Amino acid sequence: MRVRKSFERPEGKKTARLIVIASEGKETEKIYFNAVKNSICAGNVHVEVLERDSTDSSPDIVYSQLKQFQETYQLDDDDELWMVIDKDRWKTPTLAGMARLCKQSRFLHFAMSNPCFELWLLLHFEDVSMMSEDEKHALQENKRVSRRGDTWLKSRVRRAMGSYQEASYDASRLMPLVSIARNRAEVLDINKTERWPTSIGTHVYRIIDSITNHNGINEKTELTEGQS
């Protein structure tokens, strides 16, 4: 039987609760969560954002990263491993499979954005719940809207920030607005028993709650009928 290693937490955080994040996107989420780690993380929490060399992305790869971490390191009971994935490219059976796998481990949690992570970024600037029905439809569809390949959400985020590229943006500008984005995301989370948002929404706010000790994750959310 292989002995798991102790994860070396930084000086001053030897007893900190560990939150490990693996994402489908290679750069966008990493940039954001590293800014969160450096700006608004609670003193008794250490955030570890996993790197990925490959540009390959799928829920399976994200899950495998976290499982490898879990199998390599000893984890304390209150440590958390978070999958951060998008709805836009994946069918319900794939997502349900990932949700079931996460439910089998007390450490694994599942944070999906519908349609994608850029919705979470946009919530720092706009209250999506107040958009017109036409705008909500365009957001949900998230089609390409420019020759450069921008989607509707990417274009909207760039307009809000002034400058935005998936692999290069100033996430520190968003940090003063995190609580606003968090509250807006919770408003969109109409059915909190859902394992992922089945309409426009993002569960990234749940990670933020845990990182900031706003409302720690204590129990697994039960799968709702139709998402099992």
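Is it fair to say VAL157 is without any contact (Cβ under 8 Å) to a residue 40 or more places away in the chain, out of contact with any Pro (no Cβ under 7 Å at 6 or more places or on another chain), among the hydrophobic types (A, V, I, L, M, F, W, C) and in a helix (DSSP H, G or I)? Spell out the reasoning first.
Numbers: without any contact (Cβ under 8 Å) to a residue 40 or more places away in the chain: yes; out of contact with any Pro (no Cβ under 7 Å at 6 or more places or on another chain): yes; among the hydrophobic types (A, V, I, L, M, F, W, C): yes; in a helix (DSSP H, G or I): yes.
So VAL157 passes the test.
Return the residues of the stretch 160-214 that are among the hydroxyl-bearing types (Ser, Thr, Tyr), open to solvent by less than 20 Å² (accessible area, probe 1.4 Å) and farther than 18 Å from ASP86 by Cβ; say none if nothing qualifies. The answer is SER210, and nothing else. Would you confirm whether or not the stretch 139-150 contains a residue that is open to solvent by less than 40 Å² (accessible area, probe 1.4 Å) and touching a Leu at 6+ places or on another chain (Cβ under 6 Å)? There is at least one residue in the stretch 139-150 that is open to solvent by less than 40 Å² (accessible area, probe 1.4 Å) and touching a Leu at 6+ places or on another chain (Cβ under 6 Å).
If you go through the stretch 29-65 and keep only what is open to solvent by less than 30 Å² (accessible area, probe 1.4 Å), in a helix (DSSP H, G or I) and either more than 20 Å from SER210 (Cβ to Cβ) or modelled with pLDDT under 95 (or both), you end up with PRO59, VAL62.
Kindly indicate whether any position in the stretch 91-106 is basic (Lys, Arg) and under 23 Å from LEU139 (Cβ atoms).
The answer is yes; a qualifying residue exists.
The values are calculated or read from the model by the stated rules, or taken from the named source; none is laboratory data. Since this is a predicted model, take the numbers as computed values, not measurements. Because the Cβ atoms are built from the backbone with ideal geometry, glycine has one as well, and the counts that use them run over all protein chains shown. Heads up: the accessible areas ignore ligands, DNA and RNA and are worked out on the full protein's heavy atoms, side chains in. Shrake-Rupley method; radii C 1.70, N 1.55, O 1.52, S 1.80 Å.
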